[in-house]
Amino acid sequence: MKFQAAIFDLDGTLIDSLADLADSANEMLEHYGFPTHPVDPYRYFVGNGSRKLIERCLPKAKSTDTAFVDEALAYYKGCYERRLLNKTVPYEGILEALHALQEKGIPLGIVTNKHQSAADAIAAKLFPAGMFVEVFGDRPGYPRKPDPKKPLMIAKEMHVAPETVAYFGDTSVDMDTAKNAGFYAVGVTWGFRPKEELIEHGADILLDHPSEMLTKLNF
C-alpha cells in the first residue's frame, strides 16, 4: 500500500507533554487539598480527553461528582494554559520526519482528545505554520476518539480514501481510532504506553523512532 496522507495523535506521538500534564493536574489537586500523583501514572490517566484525566486523578469519592469535576476541570485548564510549554517538546526526530513527508507532498493532520485551545496553542508554537491541514482537538458537538468521525472528516478534507491514510498513535485509543476509521494503524513505541497495548489493539505496524515513518512505510 502506498499511503497518501498521515494523521497523528498529539500527546505521546508528536510531543512529549507528560510532565506538563502531570504538573498541571497536580497543581489542581494541591489547590483542593487532595493527594498528588507521581508523573508515571499520568501515562494512563491521559488519552481520553481532559475531563477523563480529571476524573482519573481525583480521589474516587470526588470523581463521580459531576459538578465538582466541572469545577476541577476548569481550574486544571487554567493551570495547563500557564504550563503548556514549560517542559513539552517534539520528540527527537519528529520535525525531520514531518518535513520529509511534506517534501513528498503528503498532507498531514492531527486528531487529539486534548481540548482544542491547548492543541492549537501547542501546534502553533512547536510546529511551522501551515504544516497541518487540520488540528482537530476536543470540541463541543464532536465525539472523542476512538470515534472515527473527526479523523474521517480530515481524510475527506484531504481528498484521500481511508485505506490510504496512515494513522499514528501511542495508545489503545489511537489504534482503536485507526481501525474504526479504516486507516492503517501505526503504533509508536516512544510514547506513553507499552507496545503490548498497541499490539493488543490491532496495530498494523510498530515504529521505534520517527525516522521509520520514511523507511518502514511507503509514502
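The values are calculated or read from the model by the stated rules, or taken from the named source; none is laboratory data. Keep in mind that what you see is a predicted model, and the values were worked out from it rather than measured. Note that we place each Cβ from the backbone using ideal geometry, even for glycine, and neighbour counts take in every protein chain shown. In case anyone asks, the SASA skips ligands and DNA or RNA and just uses the protein heavy atoms, side chains included. Shrake-Rupley method; radii C 1.70, N 1.55, O 1.52, S 1.80 Å.
So here's what we get for this one:
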| item | result |
| --- | --- |
| Theoretical ellipticity at 222 nm over the chain - DSSP helices of four or more residues, -39500 (n - 2.57) apiece, nearest 500 | -13000 deg cm²/dmol |
| Accessible heavy-atom area order of Lys114, Lys2, highest first, probe of 1.4 Å | Lys2, Lys114 |
| Residue-span extension gain [Ala74 to Glu96] - 0.36 nm each, minus C-alpha spacing | 4.4 nm |
| Whole-percent carbon and sulfur share, accessible surface of the chain, 1.4 Å | 52 |
| Under 5 Å, built H, 5+ apart or other chain: amide partners of Val188 | Gly169, Asp170, Leu207 |
| Residue-level accessible surface for Val135, protein heavy atoms, 1.4 Å, Å² | 20 |
| Solvent-accessible area of His31 with every protein chain in place, 1.4 Å probe, in Å² to the nearest 10 | 100 |
| Distance violations [Cα-Cα > 23 Å] among Lys60/Lys179; Lys87/Lys114; Lys77/Lys125; Lys2/Lys104; Lys149/Lys195; Lys2/Lys216 | Lys60/Lys179; Lys149/Lys195 |
| For region 148-190, fraction of C-alpha pairs farther apart than 14 Å, in % | 39 |
| Top positive-direction residue, dipole computed over the chain with Cβ charges, set Tyr142, Thr64, Leu21 | Tyr142 |
| Binned Cα-Cα distance frequencies in the chain - 5 Å width, integer % | 1, 7, 16, 20, 20, 16, 10, 6, 3, 1, 0 |
| Other-chain or far-sequence residues with amide H under 5 Å of Ala5's (modelled H) | Ala166 |
| Per-selection Kirkwood Rh - region 99-219 (Cα, Å, 1 d.p.) | 14.7 |
| Residue-normalised accessible area of region 59-150, given per residue in Å² at a 1.4 Å probe | 50 |
| Region 125-145-region 157-197 distance, computed between alpha-carbon centres (Å) | 16 |
| In sequence order, calculated HN-Hα J values of region 70-83 (Karplus, 6.51, -1.76, 1.60; Hz; x Gly/Pro) | 4, 5, 5, 5, 4, 5, 4, 4, x, 4, 5, 4, 7, 10 |
| Where Asp138, Asp174, Asp16 fall by accessible area, highest first, once all protein chains stay in place (1.4 Å) | Asp16, Asp138, Asp174 |
| Built amide H within the under 5 Å cut-off of Gly12, gap 5+ | Ser17 |
| Vicinal HN-Hα couplings computed from phi for region 125-137 (Karplus, 6.51 cos²θ - 1.76 cosθ + 1.60; Hz; Gly/Pro x) | 8, 9, 10, x, 4, x, 5, 10, 4, 7, 10, 9, x |
| Within region 121-193: Cβ-based charge dipole about Cα centre, in debye rounded to nearest 20 (Lys, Arg +1; Asp, Glu -1) | 160 |
| Accessible area, probe 1.4 Å, largest first, for residues Ser211, Ser50 | Ser211, Ser50 |
| Relative contact order (%) - region 16-149, alpha-carbon pairs under 8 angstrom, separation at least six | 25 |
| Heavy atoms of Lys149 accessible to a 1.4 Å probe, total area in Å² rounded to 10 | 100 |
| Vicinal HN-Hα couplings computed from phi for region 103-115 (Karplus, 6.51 cos²θ - 1.76 cosθ + 1.60; Hz; Gly/Pro x) | 4, 7, x, 7, x, 10, x, 10, 10, 9, 8, 5, 4 |
